[in-house]
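A quick write-up on the structure given underneath.
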Amino acid sequence: MATVQEALELAVEYHLQGRLTEARELYGRILAVEPDQPHALHLLGVLHGQEGRPLEAMARIRHAIASAPDVADFHANSGKLAMALRRADEAMALHRRALMLRPGHPDALAGLAPMLAQGAPTDEAVSVLRQFLHLKPEDGGLCFSLARMLRARGEATEAVAAYRRLIALDPSHGAACNNLGNLLRAVGAVEQASIAFRRAARLAPGSAMMLVNLGAALADLGRTEAATEAFRRAIACQPDNGDAYVGLGSASSGHRPPDRAWVLDHGLRAAPNHPGLLYALGVLHAGRGDDVAATGFLTQGVEVAPDDAGCRLALCIGQLRHVYVDEAELASRREAYARHLAALDGLIGPTAPAEARRNASDLAGAHLPFLLAYQGMDNRVLQETHGGIMAGLMAARLGNRIPTIPKASNASSRPRTARARLRVGIVSSYFHDHSVWRAILAGWLTQLDPERFTLLGYHVTGEEDACTALAASRCAVFRRGLGAVERWAETIVADRPDALLFPEVGMEPMTYRLAALRLAPVQAVAWGHPDTTGLPTLDHYLSGDLLEPPDGDAFYSERLIRLPNLGCHVEPTRRPVASVTRRRFGLPDGAPAFLCSQSLFKYLPQHDHVFPSIAAAVSGSRFLFFRHSQDSVSLSLENRLERAFALQGIDSREHCVFADQLDHDAYLATLRVMDVYLDSIGFSGFNTALQAVEAGLPVVTVRGRFMRGRLAAALLNRLGMADAVTMSADDFIEDAIRLGRDPTARSIRTARQTAALTTVYRDRAAITGLEHFLTG
């Protein structure tokens, strides 16, 4: 008589030959002799499945698994049956068990891959799809699913490769071409993206979406005429496609480009409540100074699409005004800003779903809370919330494109050869004649010891002049024109800086985006925009000992570094070439003329009374302000001052002069025909105060609560004139009145300022302090 093993082998032979009746009979005989024989149970179950009896099949294979639980084939075939019975969860569990018992099991992979392909882009899903495609590389559907998952995970390089592989398998796959284009555009390969979009548009000529994507890529490349044509074709295909109108509104071509507002308004009529159109209209009107219209569009955008991060962010930043009507408006708008920021934090902040952050990653740096610093309050908590959101968006945007760089306590802690210089990178938009260059950048570039430091310059915008050439000459490498933030970040990391310095963060988008990434072991920001950034990626805040109040550390998310004195190395300002007279501004000769040359958003409503109080006491006095580029901003301050003067029975038009802005040389010349420089209270001026001192203009200032309100006061301290710094608005008024009335007092103040001016210039101690910070 044959053994059980011999009978089993014969039964398998019958089974493989398709002689199912004989195989079934023989499996039954084996089980009659040995009821728990696992392989006979399993194969009889398989046979039942082939005969269309899945419930009996499942029962047999379960019995087999109970007899031999560690056989992968049993679990894989049971998984197939469970899927046929629409028991998806059970099927997945069985296939996972099969793969655990035998990694790479082809049937388990074949069963699990299609199920995981429809779900979230988990590590398991990506691994299973990759393994299955290794076995069956021609499966275009699963290749598309893998590419989609890799894209969702932010693994751009791998996703691009997967889409290219799919297109090679199926050149007519329009969706793959379109998705490839989106990925390439996102990583800055816009020319390649435009090729992919063109191919997608040819494959699906009636697809408005693909034409919109093509138009966007062409606009990025500056091919505005072709971009406009693509957007118009998209609208012809789908007249209510809001994205096409957004693109058309942004593009312009020919001698008479379409009016953007008209295009967007027309689009909104065609696609009511389209979030992209509402966002674009809100931003457009905000840029034109029409805050009411901007708020209306953005509020509508948030209402119709609560999860639209673009409208929410723009509405949040839009609460910050250049000029506030009064203190009540300032308080209410600050509260509204905090409320919208909290909502934004929940929507795309660090604890939000990763996909939400990836989808919103392009918004990082798009709208900066620049004006928050001018409200005269402690901004640390608000800035930390904003900074946490933006750092998370940038991490989502870059994904794994840059390596993880550990934070270091100081630059010298990074391993180097004994003789190697420290590599110090400097990122800025202001490697040209600008207040940031004069106060901070020029000193760093010209004074850091070249024997100890190798400078790496990253000029992230295009404006250049003689200062740019000087900067480039001082740097071992000087990068410019790299385009997308991805290329900047990858280049900086490849240059391996030991420390990365930002003279300012908060004034310009590209600098902000880079500051929101970890690109070097040590990252520090200086006071070019004098407020904490709140960014978790910035470790230190470089300030000056004379600039900071005793409790200044509490106002920064960064570790405060108090460099000696003013914390900066400055050169004398060149003398102006231009000649300016008072008549240019309508200022009568002999009338005391107060220069109020700060940006208008530095003047807070709680200090408006200062000007009429001075005017009431100084006969014939004039106050010279310079208009903002937006007429509405200038008008707001003019109206506010009119009300403040009226409260004291004075006509502001007889005392306040608003002139057009001047070029730098004409401004320096204007200093020389004025009588007194009035600093702005709460947000002081540094370069302007220094230039006033150099021009022989007595400075009136008050020592503020925060560093940004103490800049001119610190300058007077350095000049040995702490006694000339006032401590309150009332003292400020009294000092201004005294100087306005008394030419002799002005001469004495000017003489004292001028006599000590050399102590401000070329302060080597500030550079030595910076070098000590860098080397630890």
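The values are calculated or read from the model by the stated rules, or taken from the named source; none is laboratory data. Note that this is a predicted model, so its numbers are computed, not measured. In this analysis, Cβ positions are derived from the backbone assuming ideal geometry, glycine residues included, and neighbour counts consider all displayed protein chains. To get the accessible areas, we keep the full protein, side chains included, count just its heavy atoms, and leave off ligands, DNA and RNA. Shrake-Rupley method; radii C 1.70, N 1.55, O 1.52, S 1.80 Å.
Below, the figures for the structure above:
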| quantity | calculated |
| --- | --- |
| Region 1-86: radius of gyration over Cα atoms, expressed as a fraction of 2.2 N^0.38 Å | 1.02 |
| 20 °C / 1.002 mPa s Stokes-Einstein diffusion coefficient of region 642-769, Kirkwood radius on C-alpha pairs, µm²/s | 136 |
| DSSP-assigned coil residues among trypsin sites (Lys or Arg not before Pro) in region 541-624, each with at most 13 further Cβ atoms within 10 Å | ARG574 |
| The chain, helix-only ellipticity at 222 nm - DSSP H runs n ≥ 4, -39,500 (n - 2.57), divided by all residues, nearest 500 | -16500 deg cm²/dmol |
| Surface accessible to a 1.4 Å probe, TRP262 within the full protein complex, Å² | 150 |
| Net charge over other residues, Cβ less than 10 angstrom from the Cβ of ARG640 (K, R count +1; D, E count -1) | -3 |
| Residues with amide H under 5 Å from that of GLY544, placed H, sequence gap 5 or more | LEU563 |
| Magnitude of the charge dipole, region 331-425, Cβ model with Lys/Arg +1 and Asp/Glu -1, debye to 20 | 720 |
| Net charge dipole size for region 106-241 [Lys, Arg +1 and Asp, Glu -1 on Cβ; Debye, nearest 20] | 320 |
| Spin-label pair ALA646/ARG496, simplified geometry with 7 Å Cα→Cβ offset, distance in nm | 6.8 |
| Relative frequency of Cα-Cα separations exceeding 11 Å in region 667-707, percent | 60 |
| Square roots of five times the Cα gyration tensor eigenvalues for region 145-194, Å | 15, 14, 8 |
| Most positive-pole-ward Cα, LEU315, LEU10, ASN213, against dipole of the chain from beta carbon charges | ASN213 |
| Ratio of the Cα radius of gyration of region 179-260 to 2.2 N^0.38 Å, where N counts its residues | 1.00 |
| Region 750-776-region 611-643 distance, computed between alpha-carbon centres (Å) | 35 |
| Kirkwood-Stokes translational diffusion coefficient of region 396-488, alpha-carbon pairs, 20 °C, 1.002 mPa s, µm²/s | 145 |
| Mean shadow area of the chain, taken as a quarter of the surface of its Cα convex hull (nm²) | 42.6 |
| Inverse of mean 1/r across different Cα pairs in region 184-331, Kirkwood, Å | 16.3 |
| Three-way shape label, region 77-229, alpha-carbon gyration tensor, a/c 1.5 | prolate |
| Chymotrypsin sites (Phe, Trp or Tyr not before Pro) within region 577-638: DSSP coil, no more than 10 neighbouring Cβ in 10 Å | none |
| Segments 639-648, 45-54, 312-321, 17-26 sorted - mean Cβ within 10 Å per residue, highest first | 312-321, 45-54, 639-648, 17-26 |
| Net lengthening on full extension, ALA756/ARG87 (0.36 nm per residue, minus Cα-Cα) | 232.2 nm |
| At 1.306 mPa s and 10 °C, Stokes diffusion of region 597-712 via Kirkwood alpha-carbon radius, µm² per second | 108 |
| Pair-distance profile P(r), taking every C-alpha pair of region 542-612, with 5 angstrom steps and integer % | 3, 10, 12, 11, 15, 17, 14, 9, 7, 3, 0 |
| GluC sites (Glu not before Pro) within region 459-526: DSSP coil, no more than 13 neighbouring Cβ in 10 Å | GLU463 |
| Two-decimal ratio, region 528-568, of alpha-carbon radius of gyration to 2.2 N^0.38 Å | 1.07 |
| Percentage relative contact order, the chain, counting C-alpha pairs under 8 Å, at least six apart | 8 |
| Computed over region 713-776, Kirkwood Rh from alpha-carbon pairs, angstrom | 13.8 |
| Å² per residue, accessible surface of region 1-139 at 1.4 Å | 53 |
| Accessible-area composition of region 9-61, carbon plus sulfur, in percent [1.4 Å probe] | 54 |
| Cα gyration tensor shape of region 253-323, rounded if a/c is under 1.5, else prolate or oblate by comparing a/b with b/c | oblate |
| Kirkwood estimate for region 135-219, i.e. one over the average of 1/r between Cα atoms, Å | 12.6 |
| Overall dimensions of region 279-400 as given by Cα atoms, namely Rg and Dmax in Å | 14.1, 48 |
| Relative contact order, percent, region 48-173 [alpha-carbon distance under 8 Å, six or more residues apart] | 15 |
| LEU635/GLU335 FRET efficiency (R0 41 Å; Cβ-Cβ; nearest 0.05) | 0.95 |
| About the Cα centre, charge dipole magnitude for the chain (Lys/Arg +1, Asp/Glu -1 at Cβ), debye | 1260 |
